[in-house]
Amino acid sequence: MLILSIGIAPTTTSELFIVALIPRSDETKNLLSYYLNFVVVALVGIVINPIMLMIMGPSSFGTWKALQRYLDFASVADGRATQALKWLVANRTALSPDEKRRDLGAAVRVWLFWLPALVGIAVLITIAVPLLVADIPDDLLRSVYWASAILASNLALAGLLSIPDSVLVGVNKGYQSMVVTTAIVVISNAGMVLVLMHGGGLAGLAIVVLIASVVNAVVTWLVARSSVPWWGFARPERADVARVTTFSAWTLAWSLVEKVLLSSELILVGLTVGVVGVAQLTFTTFVGQFVLSIALITASGYMPRVGALYGTGARRRATGMTRDIRHTVLGISVVGFASVIMFNGWFVSLWAGEDQYLGWLVNVGLAVAMLLTAMIRLDGQVLDAVLKMPAKVLVVGLSTVIGIVGGVAFFYWTGSLVVSLAFLIASRTLANFLLPVLIGKFFAGAGYPARAMVLAAALLALSISLSWVAQAPGWLQAVAIGSWFVLTLAAVVGGLVPRRLITAFLMTLRSRRGRGSDSTPD
């Protein structure tokens, strides 16, 4: 059981969130490993991206980023068997070792069934890259095709290579595989820089990615074999394959929709502005991507418990936890993206140069669009917990397609990326309205508190206004920045973040300070 350092058993999401800072169980180790990965990836990106841009130039760098994102779409064609496997492992713990091994064998069989489709889609995307990303230099096309072929090979193996990670997550030891992944991130990024310094180009980068994936899988495989007593594969029966196939079908559909959702801005910029715009987008949205990640991580730690409570009939407790999670993630996301609106221009200019910043108004549009994405993904997780995936796939898929198609059309009509983003935001709002309605059918009373919503809107509006004023030099800039910090703190204390979260945090700090003083020698 998770226990607060002051000796109180946590009963609310807010308390559980603070408890996650204290490594006393596999659950908290999992969450801590996710946060560690988050921090390491952020720091590595801050260091590596400007170096890669300097060595490669904007065109090659933008092409590499676009190539990775587009080929990532092809990964959904592996059938998502390994994604389904982790939930099957988690929910079938009472089965015999042989039945569990048959589930692993079924996952391999489903992966093999989807492999031709995966390879075919990867080939089509590779051929279509010059159409998907404008202004790729002609002398770069040969290298693009080679890099695409290598990355496609990596995708073809990914479903098989991720099986040990899925098993470790399913048996609640995901922190073991995440530690391996975090180490590989550091090593592989260093390898990319070395390859570029020796003239490796896009193909060299793709080879590093492939080698890193294989090494990660081999090490994780060894970890799983030593940590999971029943580890192994058995020939699956027809029912085993059918179960994995059925469970993975909607997971596949959602994976595709989510990938397109997360890539909407890149697709929009790639189809309209071109590779240089993609490079600028990479730097302009860098901080926002990590706000998205921390919002997702925060909710992910508790969604299995919501599902368990709902499945056992404890609807009232499940509703209360859902309300607390949504309130917490809303507060974190709004403060995070308000900070992006306020300070991202200075950060990008100092980090990568002013020419890599897309401008104040585009930055505001991107921040608002990504905030809406964070809320969509949160509500999608809630619907996952009650196994209601079809509705969210339809709603989010429709709004995403409308946003991309309309955004591109408006760009060619007006020539303005800002107008395109405005249309993307409007279409995304459709999902932000419909998903909470769907959630209300299962968790009546789990909506966002009215005060938090008002404070969120007010803080975003003030951040937009103050960020505009802060562009002026002199005392106006200092006043705007000081006012933003005061107003943000007031919003947080006033109810933007759950008060129980603040109280639990202060109690934890007080108890730690008390223990520290008690342990001081006389």
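Just a yes or no: is a residue in the range 121-135 surrounded by fewer than 17 Cβ atoms within 10 Å (Cβ to Cβ) and acidic (Asp, Glu)? The answer is yes; a qualifying residue exists. As a summary of the residue check, Val419 satisfies the conditions (1) in a helix (DSSP H, G or I); (2) touching a residue at least 40 places away in the same chain (Cβ under 8 Å) except for the one numbered (2).
Each row is one residue, and each column tells you yes or no for (1) within 24 Å of Thr285 (Cβ to Cβ); (2) in contact with a Ser or Thr (Cβ under 6 Å, 6 or more places away or on another chain); (3) among the aliphatic types (A, V, I, L, M).
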{"position": "Val362", "(1), (2), (3)": "yes, no, yes"}
{"position": "Ala374", "(1), (2), (3)": "yes, yes, yes"}
{"position": "Ser420", "(1), (2), (3)": "yes, no, no"}
{"position": "Ala450", "(1), (2), (3)": "no, no, yes"}
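If you go through the range 378-395 and keep only what is open to solvent by less than 10 Å² (accessible area, probe 1.4 Å) and within 16 Å of the chain's Cα centre (by Cα), you end up with Leu378, Asp379, Gly380, Val382. If the condition is being of a type in the set (A, V, I, L, M) and over 30 Å from Tyr310 (Cα atoms), then the range 377-423 contributes Val401, Ile402, Ile404, Val405, Val408, Ala409, Leu417, Val418, Val419, Leu421, Ala422. The number of residues in the range 478-511 that are of a type outside the set (A, V, I, L, M), more than 20 Å from Thr298 (Cβ to Cβ) and either modelled with pLDDT of 90 or more or surrounded by 14 or more Cβ atoms within 10 Å (Cβ to Cβ) (or both) comes to 6.
Residue-wise test of (1) hydroxyl-bearing (Ser, Thr, Tyr); (2) assigned to a helix (DSSP H, G or I); (3) loosely packed, with under 15 Cβ neighbours inside 10 Å; (4) out of contact with any strand residue (DSSP E or B) (no Cβ under 8 Å at 6 or more places or on another chain).
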residue	(1), (2), (3), (4)
Trp413	no, yes, yes, yes
Phe423	no, yes, no, yes
Phe433	no, yes, yes, yes
Gln471	no, no, yes, yes
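On the basis of being of a type in the set (Lys, Arg) and over 24 Å from Val144 (Cα atoms), does Lys173 make the cut? When the stated conditions are applied, Lys173 passes them. When Gly199, Gly204, Gly232 are checked against the criterion of being over 25 Å from the mean Cα position of the chain (by Cα), at pLDDT 80 or above, over 23 Å from Ile376 (Cβ atoms) and not in a helix (DSSP H, G or I), Gly199 stands alone in meeting it.
List pairs: first residue in the range 349-364 and within 19 Å of Val278 (Cβ to Cβ), second residue of a type in the set (Ser, Thr, Tyr) and in a helix (DSSP H, G or I) anywhere in the structure, Cβ distance under 7 angstrom, at least six positions apart or on different chains. The qualifying pairs are Tyr357/Thr284; Tyr357/Ser349; Leu358/Thr284; Asn363/Thr284.
Within the range 330-377, the set of residues being outside any loop (DSSP other than H, G, I, E, B), hydroxyl-bearing (Ser, Thr, Tyr) and open to solvent by 10 Å² or more (accessible area, probe 1.4 Å) comprises Ser339, Ser349. What are the residues in the range 275-288 that are open to solvent by 30 Å² or more (accessible area, probe 1.4 Å) and either touching a strand residue (DSSP E or B) at 6+ places or on another chain (Cβ under 8 Å) or modelled with pLDDT of 85 or more (or both), if any? Val287, the sole residue that qualifies. Of all residues in the range 289-313, those satisfying the criterion of being open to solvent by less than 30 Å² (accessible area, probe 1.4 Å), among the small types (Gly, Ala, Ser) and either at pLDDT 70 or above or touching a Ser or Thr at 6+ places or on another chain (Cβ under 6 Å) (or both) are Ala295, Ala299.
The values are calculated or read from the model by the stated rules, or taken from the named source; none is laboratory data. Not measured: the values here are computed from a predicted model. Reconstructed Cβ throughout: ideal geometry from the backbone, glycine too, with neighbour counts over all protein chains shown. To get the accessible areas, we keep the full protein, side chains included, count just its heavy atoms, and leave off ligands, DNA and RNA. Shrake-Rupley method; radii C 1.70, N 1.55, O 1.52, S 1.80 Å.
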